[in-house]
Structure formats: structure tokens, C-alpha cells
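I have placed the structure first, in the form of C-alpha cells, so that the comments after it can refer back to it.
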Amino acid sequence: MTQLTQQVTITRMDAPVGATRLFAAGGRASYRDHVATYGNLDFARVAPGLIQELERSGLTGRGGAGFAVARKFGAMPHIRGSRLWQSSAVVIANGAEGEPRSLKDETLLRDSPHLVIDGLLAAAAAVQASKLYLYTTEISLKSVRKAIAERRDAGAIRLVEAPETFISGEASAVVNAIQTGAAIPTDRVGRLTTSGLKQRPTLVHNVETLAHVALISRYGSDWFRSAGSERDPGTRLVTVSGAVTRDSVLEVPGDARIIDILTSCGAVQSKIAGVLVGGFHGAWLTPEHLGVNLSTAALAPYGAQPGAGILYVLGADKCGLRFSADVVRYLANESAGQCGPCMFGLPEMATLLERIASGDRDPQLARDLAAMSESVVGRGSCHHPNGTSRLVLSTLSAFAEDAQAHLRGQCLRVEYR
Amino acid sequence: MATVPNRYRLHIDWTKCDGRGLCTELLPDLLGRDKWGYPVALTEERGSRSDVFIPGSRLEAATDAVNLCPLIALALIAPTAKR
Ligand code: SF4
Ligand code: SF4
């Protein structure tokens, strides 16, 4: 693998130092800015060693699930050396970002579109894909179109618009959107890497993931690991919103502490009721736990995961039950309405949580809600029921004192006093 | 990735199933019904709620369910071949 690094050294500029990597070329980077900052990338040259380099880098997916990137690549038939590989492979850059509290993909595609394009081209070269897609929202398509027009090597990338729905970025919904125009998940027995778009082996990666792939292609895994920790290497993008002085998209090292990220955005620990980590399918962290890192291992004990790097700060004057009830209602409305337990269960979960939030003093409500949330898990064609269930159960535990107060006819938050 | 046990599984396509419960009548020992009528795996093994493990003794009934489900929502998945 040192070979790759050496080869790349010939054409590379100095690698970015510190945690500013993805935005090192400045805001709205043109192709000229991009090349001046990162150097050229010879895709054919890096392709043969890329997957091993990704494996050594420890890069995980930045779209939500946090799956090891090298393993997803490794599941492609060409990589497995499968002789059954008949149809040509597909690579899709996923920039749908359906999470209302996430802005990082949009920001990345606006400020560093060329890194995403590089990553897509490098990934396609590595799995010998002949079909390349970039799937994102209308606003980001504008940035991408402009970027593609600035370079000669990106003409093969087809652009597909993602609707502004919560589940438009789910992997099978992405494939479905490109194939049929309907951005809703489909039932799947096997993996997309075996049979995806038009039955072709299909690799779907988040746009931030691909931007990291572009950097690892250039500078190698040791460089990638020079930020973050052994366990949580590299950097990740986060979107911070809520009770902060300004909503922000930041690039942070893999071992950044949540409280430090929040403080840098103007949040004050004593004025926080809770932090929703990982978006609307995520989990709440209460203020005493904010010293943990924003990493898979550190968050596991709290039932949370970094997901797409979303941190929503709920101010201490706000009711977490009310806020979560609104989110669960939103999620229920965003169900594609295809799978019974999701279609019927989520609205009931929303209603139960709304009753708890508005001070209904029936002590059975929380138990019913927990049972209903547990019952929908694993019973849909996508993870929407699981994610919604995770949020509800986390709400009940993080804001248990608030729920108790509601049962006594009280409220702990200034908002309702 | 977790290794998949080497057993037959009954896959439920939730996007097709409308919960009329024919499968739950054929496999009452393996499938219950929720309050809306949708099948619920009774064996609470991890990750088996959409791909319900089928013991060899129930393969025939499971095959019937696959063939009789009015919405073609069921499929029998053969044990995964060793890779
Ligand atoms: S689980 Fe819900 S959101 Fe997912 S495909 Fe089924 S109905 Fe749609
Ligand atoms: S028989 Fe088919 S449609 Fe009826 S409940 Fe079973 S899976 Fe659903």
C-alpha cells in the first residue's frame, strides 16, 4: 500500500493539515481552487489499491448507518472476483439528505462539489462501474451542474433530483427513484451490491463519504488517520442547530467531544435540556452525558450513534416531550404508507406521545407507547419504523422526569409555566 | 455483518402484505397477528421479524403460505450457501 502513496505523491499537493480537510479549498470552490488545493487525481492509477487503502483508513459511511466503507466496496462482484458478474456495475453518490436538521451534504456540494465528484469517479474506477449517478436535491443540483461543467472528466455522471422527503435517501429508495422516479423504499431480499439498479450490482455512498474517498485516494490512509483517534479516525461533518447562537455545519475530528462541538457554536451546557444526536431517527443525550465523543463506540451505551452528524440542541426552557411528539408526528406523516405496521403504528405512536406531552394524566400511556414502539421494530421494508421507535424510547427515558411531572399535572420547563 | 443461520426463512414483503392473515392461519405456531392483522413473528430471534425462521417440520406449511398469500407478499429464502 505504500506503493499507492508513493504513486500519488507525484501529483499531489501538500495534504491538508488539521481537521479542515473537506473545505480546505474555501467556500464555493471552483475546479481551479480545487486542483490548486488538492492537486490532480489520476483515477485509473489509484483504482487498483483503493479498496485496501480504504480498509486501512477505517472510513465509515457518513450517511447515517456508519457501515465500513471498504466492506461495502468489497461486496461488489467485481471485487469479490465473482464470475457470475454479467452486468456492469453502478455507483451512486447519495446527496438526498432527507433529515430536516441536516445541512452538511448541501453545504459540501455547494462548497466542495469537486471532492464529491472525484470520490464518485474514484469509486467507479475501483469497481469498474460504467454507470454513475449523483442524486441530490434541486438546490444542490445547481452547484453540481456548475461543477461538472468546469471539468472534462465528469461527463458520464448522470444527475437525478431527489425530492425533499425524509426517506428519499434510504438506499433502496435512491435506486427506486433513479429507476422509476418514485423515491420510496422497496422490499429487498438481497443486497444492492448484488442486485440494485436494473439488477446491476450497485454501490450507494453518501456524498460526504465519497469526498473522504477522494482525499484518501490522494493522501492515503495514514494521512486520514492523522485526525481523530485509532477507533474513530478521520474527520466528519456535523450540523448543529437549535439552542445555539447560530446553526452551523462543521468539520470535526472523529473523536471530538459533543460538548466542545456545541460550545463552539455558542451553546451553554447549563441551558440545555437535551441534545438529539443523529437526527430524527436518533436518540437524546441528557446534559450530564455531553462530555462523550461523537463516535459510534462512545455513544453506544446511550443507544445513540453519530448517524449523519446531526446535533439538535433543545434549550432548557423547552419540553422534550413536546418537541419529540412533533418530530414523531412528522415521521409518521413521512411514512411511505406501504407497510402496515409503519403506516398504522407510527401515527398511533405520535398520538400517544402527544397525549403525554400535553399533560394527559393516564399513567398507562407511557407503557402503551413503549409497547407499540417495540412492536413496529423490524416490521417494515426500510428502517423508518426502527428509527422512529428508537427516538420514542429514548424520549421516554431521557425525559422520564418530565413525563412524571406531567402525570402530577406539573411541567418542569419554563416554556409552559 | 452477522452470519445468517443456515435455515429456511419466510420473507414478508411489507409493501405488499395487507394483513388479512391467511399466513397466520397456516402457521399459527410461528406467526401471530398484531391489532391491525399484520403478521408478527412469534419466535423472537434477533433480526427475524421480516425473515421468519422456519423449522424443517414446517417447511410444507410455509410453502403453502407462499403459494396461497393473495398478495404474493411471501417468499421462502433458502439457507445461504457457504461462501
Ligand atoms: S417501513 Fe414505512 S417508510 Fe419504510 S418502506 Fe415501509 S411504509 Fe415506507
Ligand atoms: S397471507 Fe399474505 S397478505 Fe395475508 S397477512 Fe400473510 S403475508 Fe400478509
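The values are calculated or read from the model by the stated rules, or taken from the named source; none is laboratory data. In this text, all values refer to a predicted model and were calculated from it rather than measured experimentally. Don't worry about glycine lacking a Cβ; one is built from the backbone with ideal geometry, like all the others, and counts go over all protein chains shown. What goes into the accessible areas is simple: the full protein's heavy atoms, side chains included, and nothing from ligands, DNA or RNA. Shrake-Rupley method; radii C 1.70, N 1.55, O 1.52, S 1.80 Å.
So, restricting to helices (runs of 4 or more DSSP H) that lie completely within the stretch A:1-60, which ones have at least 1 residues that are crowded, with 21+ Cβ neighbours inside 10 Å and modelled with pLDDT of 95 or more?
Values: elements: A:2-11, A:31-38, A:43-57.
Per the criteria, A:31-38, A:43-57.
When the stretch A:134-156 is filtered for residues that are in contact (Cβ under 8 Å) with a residue 60 or more places away in the chain and either aromatic (Phe, Trp, Tyr) or touching a strand residue (DSSP E or B) at 6+ places or on another chain (Cβ under 6 Å) (or both), the ones remaining, listed by number, are A:134, A:136. If you go through the stretch B:10-30, how many residues are among the hydroxyl-bearing types (Ser, Thr, Tyr) and either within 13 Å of ligand 1 (Cβ to nearest atom) or at the interface with another protein chain (Cβ under 7 Å from one of its Cβ atoms) (or both)? Of the residues in the stretch B:10-30, 1 are among the hydroxyl-bearing types (Ser, Thr, Tyr) and either within 13 Å of ligand 1 (Cβ to nearest atom) or at the interface with another protein chain (Cβ under 7 Å from one of its Cβ atoms) (or both).
Flag not set for residue A:131, criterion: in contact (Cβ under 8 Å) with a residue 24 or more places away in the chain, of a type outside the set (Val, Ile, Thr), part of a helix (DSSP H, G or I) and open to solvent by 10 Å² or more (accessible area, probe 1.4 Å).
If you take the residues in the stretch B:4-52 that are among the small types (Gly, Ala, Ser) and near ligand 2 (Cβ under 8 Å from one of its atoms), which one is farthest from residue A:342 (Cα to Cα)? Please lay out each step first, then the result.
As a first pass, look at the stretch B:4-52 and keep what is among the small types (Gly, Ala, Ser): B:19, B:21, B:32, B:37, B:41, B:47-48, B:50.
Right, trim to near ligand 2 (Cβ under 8 Å from one of its atoms) and you get B:19, B:21, B:37.
Working: B:19: 13, B:21: 17, B:37: 13 Å.
In this case the residue turns out to be B:21.
Check whether at least one residue in the stretch A:68-85 is open to solvent by 40 Å² or more (accessible area, probe 1.4 Å), of a type in the set (Val, Ile, Thr) and farther than 27 Å from residue A:99 by Cα, and report yes or no. Scanning the stretch A:68-85 turns up at least one residue that is open to solvent by 40 Å² or more (accessible area, probe 1.4 Å), of a type in the set (Val, Ile, Thr) and farther than 27 Å from residue A:99 by Cα. Of the listed requirements (1) in contact with a Ser or Thr (Cβ under 9 Å, 6 or more places away or on another chain); (2) under 17 Å from residue B:35 (Cα atoms), residue A:351 misses just one: (1). Go over the candidates B:7, B:33 one by one and state the one that is open to solvent by 40 Å² or more (accessible area, probe 1.4 Å), more than 10 Å from chain A (Cβ to nearest Cβ) and at pLDDT 95 or above. Every option except B:33 fails the conditions. Please note which helices (runs of 4 or more DSSP H) are completely contained in the stretch A:353-417 and include at least 3 residues that are away from ligand 2 (no atom under 16 Å from the Cβ) and within 14 Å of chain B (Cβ to nearest Cβ). Here the list reads A:364-376, A:384-398. When residue A:242 is tested against (1) under 15 Å from residue A:119 (Cβ atoms); (2) surrounded by fewer than 24 Cβ atoms within 10 Å (Cβ to Cβ), only condition (1) is not met. Starting from residues that are assigned to a helix (DSSP H, G or I) and within 16 Å of ligand 2 (Cβ to nearest atom), keep the ones in the stretch A:302-344 and report whichever is most open to solvent (accessible area, probe 1.4 Å). Residue satisfying both the conditions and the ranking: A:344.
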